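Novice: A single structure is presented below for examination.
The values are calculated or read from the model by the stated rules, or taken from the named source; none is laboratory data. The model shown is predicted, which means the values in this text are computed figures rather than measured ones. Ideal geometry is used to build each Cβ from the backbone, glycine not excepted, and the neighbour counts take in all protein chains shown.
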Amino acid sequence: MSDMIINRPARSFTGIIMQRFRQNHRAMAGLIFVALMLLIMIFSPLIANDKPIICKYQGKIYAPGIVELFQSRGTGWHFIKNSAPFDKPWFDTKAALAADERSWAIWPLIPYGEFEIDTDCGQWPAPPSAKHWLGTDNIGRDLASRMIHGTSVAVRVGFISMGIAACIGIFLGGLAGYFGGVVDMLISRAIEIVICFPLFFLILIIMVWLEPSINNVMIVIGLTGWTGIARYTRAEFMRIKSADYVMAARSLGFGNRRIMFRHMLPNSLAPVMVSITFGIAGAILTEAGLSYLGFGVQPPAPSWGNILRAAFSNINTAPHMIYPPCVAIFLSVFSYNLVGDALRDAIDPRLKNR
């Protein structure tokens, strides 16, 4: 019987990386937690809200929770609006639905808003109970609801700030690695100058001159966190600028911009993604530290950092407040580090037989 030869299709580099990544169980656990954070950020109005998802009031059907899901929370114009009376800030939804005998409502999993004060809990801060799973803070707001909406802040800061840093780092690192010479020298010296400053204290110095807000936090973290991405991009561009496909593109008369961003950049993003993943974890931790010190998200807006600050101020009377933000910050940073570490191992060809 003749031997049968099976021709297996060649796998791409991306496919090899994904296969190695899926074989890392710790990385998959971290990726699941990252995906859970994204889902919480997207569907937070349906998870914790003082408005029902769907309700019937005075013979009409309303969906205030779903409307809020499609609204850009605090970012300007909304193309979907609540109908009266649910669009009025003074309208007490819970009292109105309780007074209407024909009404019904489907409430979120946590039927409290991040700013809602529960005057019926008896004491402030209240310990965890069936009514308030994580208890309340020092002025009667549901801690679980504030943690849910604080997740949105953490995810936004991590991704948007690293998006800004990635744009700067990839552009400058690509210029330095591709052109070399004086361009490389100037950009490399700029990278070294920024690296010389402790990042957190540099951000603190800048935030002293700016108004404390989440937008300023994202911008400052992005403007100071690009150096690692630039170094990775520079090294990759220097490695592949003498590759055959780059030389072929030059011989065909392609311009520098097309060669850099269409041919070289897609082939140099794998190690850059590792730096971005670690940067997201660092951005979340930095935002929590800034909010804890009062330079980040300002109360009453919820953030893990200012929730931790309020918990520290009431640690003797309400120790239950300190555990949720600490656990959330630890798990989020740990998960992103697991994902980044697994990506680094999957990209490194020396570890393919591990």
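Novice: Any residue that is among the small types (Gly, Ala, Ser), touching a residue at least 24 places away in the same chain (Cβ under 8 Å), out of contact with any Asp or Glu (no Cβ under 7 Å at 6 or more places or on another chain) and over 21 Å from GLU236 (Cα atoms) - is there at least one of those in the stretch 171-180?
Specialist: no
Novice: Being without any contact (Cβ under 8 Å) to a residue 12 or more places away in the chain and either buried (at least 23 other Cβ atoms within 10 Å of the Cβ) or not hydroxyl-bearing (Ser, Thr, Tyr) (or both) narrows it down to one of GLY253, GLY296, so name that one.
Specialist: Numbers: GLY296 fails: without any contact (Cβ under 8 Å) to a residue 12 or more places away in the chain.
Criteria check complete, one pass: GLY253.
Novice: Taking the stretch 210-250 as the search range and keeping residues that are small (Gly, Ala, Ser) and under 18 Å from GLY279 (Cβ atoms), which one is surrounded by the most Cβ atoms within 10 Å (Cβ to Cβ)? If you could, list the steps in order and put the result at the bottom.
Specialist: Start the filter on the stretch 210-250 by keeping residues that are small (Gly, Ala, Ser), which leaves 213, 222, 225, 228, 230, 235, 242-243, 248-249.
Still in the running and under 18 Å from GLY279 (Cβ atoms): 222, 225, 228, 230, 235.
Values: GLY222: 22, GLY225: 26, GLY228: 20, ALA230: 28, ALA235: 16.
Of everything passing the filter in the stretch 210-250, ALA230 is surrounded by the most Cβ atoms within 10 Å (Cβ to Cβ).
Novice: Just to verify a result, which residue in the stretch 82-97, among those that are surrounded by 15 or more Cβ atoms within 10 Å (Cβ to Cβ) and not polar (S, T, N, Q), is nearest to the chain's Cα centre (by Cα)?
Specialist: Restricting to residues being surrounded by 15 or more Cβ atoms within 10 Å (Cβ to Cβ) and not polar (S, T, N, Q), the top hit is PHE86.
Novice: Do the conditions hold for ALA283, that is, is it among the aliphatic types (A, V, I, L, M) and buried (at least 23 other Cβ atoms within 10 Å of the Cβ)?
Specialist: On the way: among the aliphatic types (A, V, I, L, M): yes; buried (at least 23 other Cβ atoms within 10 Å of the Cβ): yes.
Considered against the rule, which asks whether it is among the aliphatic types (A, V, I, L, M) and buried (at least 23 other Cβ atoms within 10 Å of the Cβ), ALA283 comes out as yes.
Novice: Sticking with this structure for a sec: Quick test for you: out of GLY305, GLY222, GLY282, pick the one residue that is over 18 Å from ILE164 (Cα atoms) and of a type in the set (Gly, Ala, Ser).
Specialist: Details: GLY222 fails: over 18 Å from ILE164 (Cα atoms); GLY282 fails: over 18 Å from ILE164 (Cα atoms).
Answer to the check: GLY305.
Novice: So how many residues does the stretch 125-168 have that are among the acidic types (Asp, Glu) and either without any contact (Cβ under 8 Å) to a residue 40 or more places away in the chain or in contact with a His (Cβ under 7 Å, 6 or more places away or on another chain) (or both)?
Specialist: Number of matching residues: 1.
Novice: So in the stretch 16-28, with the set limited to residues that are in contact with a helix residue (DSSP H, G or I) (Cβ under 7 Å, 6 or more places away or on another chain) and surrounded by 14 or more Cβ atoms within 10 Å (Cβ to Cβ), which one is modelled with the lowest pLDDT?
Specialist: Among those residues, the one meeting the criterion is ILE17.
Novice: Shifting gears a bit: So, THR286, is that one of a type in the set (S, T, N, Q) and assigned to a helix (DSSP H, G or I) or not?
Specialist: Criteria met by THR286.
Novice: Let me ask something else about it. What number of residues in the stretch 261-277 are assigned to a helix (DSSP H, G or I) and surrounded by fewer than 21 Cβ atoms within 10 Å (Cβ to Cβ)?
Specialist: Number of matching residues: 7.
Novice: Here are some conditions: (1) surrounded by 19 or more Cβ atoms within 10 Å (Cβ to Cβ); (2) farther than 25 Å from ASN306 by Cβ; (3) of a type outside the set (Phe, Trp, Tyr); (4) out of contact with any Lys or Arg (no Cβ under 9 Å at 6 or more places or on another chain). ASN49 meets all but one. Which one does it not meet?
Specialist: Single failed check for ASN49: (2).
Novice: Looking at (1) farther than 26 Å from ARG262 by Cβ; (2) touching a residue at least 12 places away in the same chain (Cβ under 8 Å); (3) in a helix (DSSP H, G or I), which is the only condition ASP184 fails?
Specialist: Here ASP184 meets the rest and fails (1).
Novice: Still on this structure, I have one more. Surrounded by fewer than 16 Cβ atoms within 10 Å (Cβ to Cβ) and either modelled with pLDDT under 90 or touching a Ser or Thr at 6+ places or on another chain (Cβ under 6 Å) (or both): does that describe PHE13?
Specialist: yes
Novice: Yes or no: SER291 farther than 30 Å from ILE322 by Cα and surrounded by 14 or more Cβ atoms within 10 Å (Cβ to Cβ)?
Specialist: Judged against the criteria, SER291 is not a match.
Novice: Kindly check whether there is at least one residue in the stretch 66-81 that is at pLDDT below 85, over 27 Å from the mean Cα position of the chain (by Cα), among the aromatic types (Phe, Trp, Tyr) and within 27 Å of ALA144 (Cα to Cα).
Specialist: Scanning the stretch 66-81 turns up no residue that is at pLDDT below 85, over 27 Å from the mean Cα position of the chain (by Cα), among the aromatic types (Phe, Trp, Tyr) and within 27 Å of ALA144 (Cα to Cα).
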